[in-house]
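Structure first, then comments.
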Amino acid sequence: MNRTGESSLVVTMGLGGLLALVTAYLYTSSGMLFFAALMPGYLLMISVSLLALVRIRLERVAAEEERNRAAEVKAASSGLFGSSGDLPVTSRRTQRIIETFLVPAATPVLALILSLWAWRLHDGLPWSITAPENALIAASFLAGQAFLLFLLYRFMLGMSRNAGDRLLRGPALYTGLLSIASVLGAAAAVAVHGGYIPADTLAGRIMTGVWALLALELVWRTLVMIYSPRRRTFASTAYESRILRSVLSPKGWTTSIAQSVDYQFGFGLSGSWFSGFLRSALIPLLVFQIALFYAMTAMTVIQPHEVGIKERFGRMADADPILASGFHWKLPWPFETVRRVPANDILGGAVGFEDEDETRREVLLWTIPHYRNEDLFITASRSADVRSAGAVPVNLLAINLIYEYRITNAAAYAYGFSDPETLIRQVAYRSMTAEAAVHDLSDLLGGRREQVGNDIRGRMQSRADEAELGVEILFAGIQGIHPPVQVADAFQSVVGSLEEREASILLARAYTNSTLPEARAEADAAEIAAAAYRDRRTTQAEAENDHFTNRLKAYRTQPEVFRSRLYLETLSDALAGSRLFIVDAPAGTDEILYFNFEEDPFTSVLDMGPLSEGDH
Amino acid sequence: MKKNGMMILFALLLAGLFVLTQVLFIVREGEVAVVTSLGKPVRAVTEAGLYNRLPWPFHAIHTFDNRTHIHEGSFEETLTSDGKNILVSMFVGWRIADPIPFLERLGGVPQAESGIDGLLRTYKSAVIGRVPFSDLINTDPDAVKLEDIERDVLAAIRDQARDRYGLDIVFTGISRLGLPETITQSVFDRMRAERQELADRYRSEGQGEAIRIRAAADAERDRLLSEAEGKARRLRAEGDAAAAQYYQVFAEDPELAIFLKKLDVLRDTLTNDATVVLSSDTAPYDLLKSGDAKR
């Protein structure tokens with residue numbers, strides 16, 4: 001009896017258990033997340049090996065028992081004593097039980113465990129990127145494990161081609177899978193050691209995907225097992241993944257491809273010379289492809305905005321190290337490399353704001369922030385009354401500065417600084433801070449803005465030259481400057497007050513313009529009235545003078561007559577329309593009797609009475 | 001057989017390449033490498049190029065970026081010598097001076113950055129604590145000593161960085177100045193008050209000017225009116241004088257003048273509506289008494 005199969009299975013199980021323990025230890029000590037992703041593989045390998053071992057062993061023991069029983073029967077038939085009687089073939093019954101119940105159940109159980117584990121890996125484990133330690137040890141362990149498992153896998157796969165050891169195929173396939181997974185892990189560990197930390201997470205995710213795929217396939221096989229008519233024969237190897245078999249037995253898949261091609265085309269295409277040629281030339285073609293890729297590293301294309309620096313074995317090439325835009329030949333990869341520098345591009349940056357929002361408003365007002373984050377710069381202040389102790393004689397302004405520069409010396413830019421853009425930005429900030437610290441607020445807000453921009457450019461250029469940066473600052477300018485949004489309304493109200501001042505003055509002038517002409521007119525009127533009075537008086541007096549003089553002449557000639565005549569004429573004129581009462585006034589009496597006969601004095605008899613003076 | 005030969009050749013090629021990667025290494029321009037043998041540093045390679053080494057457990061290669069790195073310090077609050085709070089942010093340009101002490105004491109760029117950060121913060125506060133606020137912000141450009149501060153900080157940290165960490169500090173710079181939030185608020189208030197004062201000043205200037213203009217207008221008007229008043233009075237006086245001149249003729253016969261004047265008054269005052277009571281002695285009505293008798 002060839003027990004090699006069994007012993008190899010035992011070896012597999014033992015080795016698998018040991019390796020799983022080492023893996024668990026390495027997971028905790030190194031922190032490489034890939035080890036956690038590797039664990040389901042050990043489970044598969046060990047459980048399937050155990051199952052196969054049990055089945056092979058049972059088969060063997062059952063066959064042995066049957067042979068013994070046959071021999072016994074033969075011996076018992078020739079003997080007198082039927083000594084043992086019918087011994088029940090327990091092994092065969094056990095085998096039947098196992099084959100009927102345990103083996104088909106293995107597939108769904110494995111599927112369930114695998115899917116749960118894959119889900120846990122995907123969801124629960126922290127896939128954050130931490131730097132694993134001892135990555136090199138992990139890599140060497142995984143490489144060694146890969147090698148051992150590979151040997152086991154090839155051995156068991158080869159053995160499984162024999163009819164009696166066919167059950168070895170399952171364990172072989174899972175061992176092979178674990179071996180390939182270990183290779184992947186070793187590569188990831190080497191990458192991590194080299195500095196590329198995300199390789200660990202990437203490899204872990206790949207393994208999670210593999211387990212998920214395998215779980216799906218096992219679920220599918222379970223369903224086929226339940227509903228397929230070839231239940232019994234299919235069920236015995238349902239837990240072997242078909243996908244794995246097609247991947248891990250290459251000869252298997254070339255022949256299966258050939259078979260399906262033949263089937264599709266209806267004739268023996270796989271026997272033709274072309275497919276034979278393909279099959280034999282596949283490896284050389286692959287090698288040629290790799291060589292071609294490698295040869296392509298001997299060519300390089302420099303974009304129009306770039307300049308290339310050729311480095312031979314890491315140091316700048318002695319002859320013509322600067323490559324202009326276009327196509328260039330060079331030695332392939334490790335011998336010569338090209339470092340690209342954006343030397344023909346105009347690079348730039350901004351100071352004092354973060355320009356990420358693309359929503360442009362139509363009107364930029366001082367009371368609304370122009371950008372999301374704006375820095376405030378301290379400016380000096382000329383206000384004289386702010387020299388009191390404790391008070392800070394400064395103003396704050398929000399300044400947006402942009403600058404543009406160009407690389408003039410590619411080698412200095414590339415080899416002098418690890419982060420030249422940051423340096424230029426810091427220098428820009430510094431220049432802006434220094435300029436703001438010596439200017440007053442009204443200088444910056446007013447007409448000196450352009451001058452200040454030029455000064456900043458000069459400062460930046462001298463600093464860059466001092467540091468030997470190899471750039472030329474083309475432009476620096478204050479794109480926007482405004483007082484902090486919180487005090488902008490106070491600034492706006494100053495303009496309003498200027499307007500108010502003008503308004504007051506203009507109203508006063510209007511008052512002047514209305515008052516003075518009026519006054520002038522009044523003055524003229526008064527003067528004219530006075531002149532008229534004077535003239536009138538003069539003329540009047542003159543006339544009276546003449547009048548009197550004439551009358552005097554007349555009077556002197558006849559005084560009495562003149563007087564009487566004049567008096568009587570005057571009286572007749574004067575009393576012309578008046579109501580006259582001529583009363584005889586006896587001397588010495590003050591009593592005057594007055595009778596008015598125009599009116600009707602006796603209205604009635606009873607009214608007769610003495611008339612008193614008060615009645616009329 | 002031929003296929004086997006190809007495969008063997010290919011495998012030999014791969015093996016040879018693998019061996020080469022284990023005995024050679026490249027140091028790129030701008031990098032520096034330290035060769036350690038079983039953990040102990042053996043030599044530092046500062047020039048770029050191709051060098052040989054022993055395979056892995058015997059020699060390990062650590063490469064570092066040898067260019068000047070820029071470290072941005074934090075925006076921290078410090079006190080000036082006259083007790084004013086100010087936020088200062090400085091940046092430092094540093095590079096690896098001695099690779100072997102760098103590897104031994106620091107081990108990598110992040111550790112170096114934290115070491116430099118510590119040095120920077122200490123000496124930045126110390127240097128700024130020695131200068132008054134007016135050395136930082138001042139309308140007089142000569143009084144502002146930002147560059148001196150930068151130089152002092154550089155001098156202070158350069159030796160320390162060299163001795164302690166094996167780093168060379170190339171330059172320092174003050175990138176930003178700021179004010180803490182509470183002081184910022186009071187500065188805003190002051191700015192607002194300043195603007196308010198300006199606005200009030202303009203407004204009162206306007207009002208003052210308006211009052212002045214109005215007063216001038218009123219004065220002018222009064223002047224015009226009083227001038228005219230004076231002139232009018234003079235004219236009227238002239239008239240009266242002329243009239244008086246003419247009335248002198250009455251002196252020749254004052255009685256006649258008075259008599260004529262009485263007649264005028266009689267004529268003017270006895271209007272149509274007057275009711276006149278006369279004595280019968282009044283001429284011409286004395287005729288009523290005497291009739292046609294000759295008297």
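Can you name the strands (runs of 3 or more DSSP E) wholly within the stretch B:1-105 that have at least 2 residues being in contact with a Pro (Cβ under 9 Å, 6 or more places away or on another chain) and not small (G, A, S)?
Output list reads B:24-27, B:31-37, B:40-45, B:59-65, B:85-96.
Is it the case, given these coordinates, that B:E104 is in contact (Cβ under 8 Å) with a residue 40 or more places away in the chain and within 30 Å of A:F377 (Cβ to Cβ)?
No.
If you take the residues of the stretch A:283-327 that are among the charged types (D, E, K, R) and away from chain B (no Cβ under 14 Å), which of them is farthest from B:N52 (Cα to Cα)?
A:E306
If B:I211 passes every condition in (1) more than 7 Å from every other protein chain (Cβ to nearest Cβ); (2) at pLDDT below 90 but one, which one does it miss?
Among (1) more than 7 Å from every other protein chain (Cβ to nearest Cβ); (2) at pLDDT below 90, B:I211 violates only (2).
Could you list all residues from the stretch B:203-228 that are surrounded by 16 or more Cβ atoms within 10 Å (Cβ to Cβ), closer than 30 Å to A:A530 by Cβ and not aliphatic (A, V, I, L, M)?
Once the filter is applied, which keeps residues that are surrounded by 16 or more Cβ atoms within 10 Å (Cβ to Cβ), closer than 30 Å to A:A530 by Cβ and not aliphatic (A, V, I, L, M), the stretch B:203-228 yields B:R214, B:R221.
Identify the single condition in (1) out of contact with any Phe, Trp or Tyr (no Cβ under 8 Å at 6 or more places or on another chain); (2) under 29 Å from B:I61 (Cβ atoms) that B:I137 does not satisfy, given that it satisfies every other one.
With (1) out of contact with any Phe, Trp or Tyr (no Cβ under 8 Å at 6 or more places or on another chain); (2) under 29 Å from B:I61 (Cβ atoms) applied to B:I137, the lone miss is (2).
Could you check the stretch B:59-84 and list, in sequence order, the residues that are at the interface with chain A (Cβ under 9 Å from one of its Cβ atoms) and within 17 Å of B:S175 (Cα to Cα)?
Once the filter is applied, which keeps residues that are at the interface with chain A (Cβ under 9 Å from one of its Cβ atoms) and within 17 Å of B:S175 (Cα to Cα), the stretch B:59-84 yields B:H69, B:I70, B:E72.
Do we have B:L224 as out of contact with any Phe, Trp or Tyr (no Cβ under 8 Å at 6 or more places or on another chain), at the interface with chain A (Cβ under 7 Å from one of its Cβ atoms) and more than 15 Å from A:D489 (Cβ to Cβ) here? Working first, answer last.
On the way: out of contact with any Phe, Trp or Tyr (no Cβ under 8 Å at 6 or more places or on another chain): yes; at the interface with chain A (Cβ under 7 Å from one of its Cβ atoms): yes; more than 15 Å from A:D489 (Cβ to Cβ): yes.
So B:L224 fits the description; yes.
Pick from the stretch A:225-265 the residues that are in contact with a Ser or Thr (Cβ under 6 Å, 6 or more places away or on another chain) and under 20 Å from A:A52 (Cα atoms): which of them is modelled with the highest pLDDT?
A:Y239
Anything in the stretch A:533-553 that is more than 8 Å from chain B (Cβ to nearest Cβ) and surrounded by 14 or more Cβ atoms within 10 Å (Cβ to Cβ)? List them, or say none.
Of the stretch A:533-553, the ones more than 8 Å from chain B (Cβ to nearest Cβ) are A:539, A:543, A:546-547, A:550, A:553.
A:T539 - this is the single residue of the stretch A:533-553 that is more than 8 Å from chain B (Cβ to nearest Cβ) and surrounded by 14 or more Cβ atoms within 10 Å (Cβ to Cβ).
Do we have any residue at all in the stretch B:61-74 that's of a type in the set (G, A, S) and modelled with pLDDT of 85 or more?
yes
Do you know which of the residues in the stretch B:227-275 that are among the β-branched types (V, I, T) and at the interface with chain A (Cβ under 7 Å from one of its Cβ atoms) is nearest to A:R520 (Cα to Cα)?
Result: B:V249.
Which residues, taken from the stretch B:129-158, are among the basic types (K, R) and not in a loop (DSSP other than H, G, I, E, B)? Even if it seems obvious, please write down each step before you answer.
To start, the set of residues in the stretch B:129-158 that are among the basic types (K, R) comprises B:130, B:145, B:151, B:158.
Within the stretch B:129-158, B:R151, B:R158 meet the criteria.
Answer yes if at least one residue in the stretch B:189-202 is touching an Asp or Glu at 6+ places or on another chain (Cβ under 6 Å), free of Cβ contacts under 8 Å to residues at least 12 places away in the same chain and surrounded by 15 or more Cβ atoms within 10 Å (Cβ to Cβ), and no otherwise.
Looking for residues that are touching an Asp or Glu at 6+ places or on another chain (Cβ under 6 Å), free of Cβ contacts under 8 Å to residues at least 12 places away in the same chain and surrounded by 15 or more Cβ atoms within 10 Å (Cβ to Cβ), one finds none in the stretch B:189-202, hence no.
Kindly provide the set of residues from the stretch A:398-418 that are more than 9 Å from chain B (Cβ to nearest Cβ) and buried (at least 24 other Cβ atoms within 10 Å of the Cβ), ordered by number.
Within the stretch A:398-418, A:I399, A:L401, A:Y403, A:Y405 meet the criteria.
The values are calculated or read from the model by the stated rules, or taken from the named source; none is laboratory data. Quantities reported herein were computed from a predicted structural model and do not represent experimental measurements. Positions of Cβ are backbone-derived with ideal geometry, glycine not excepted, and every protein chain shown enters the neighbour counts.
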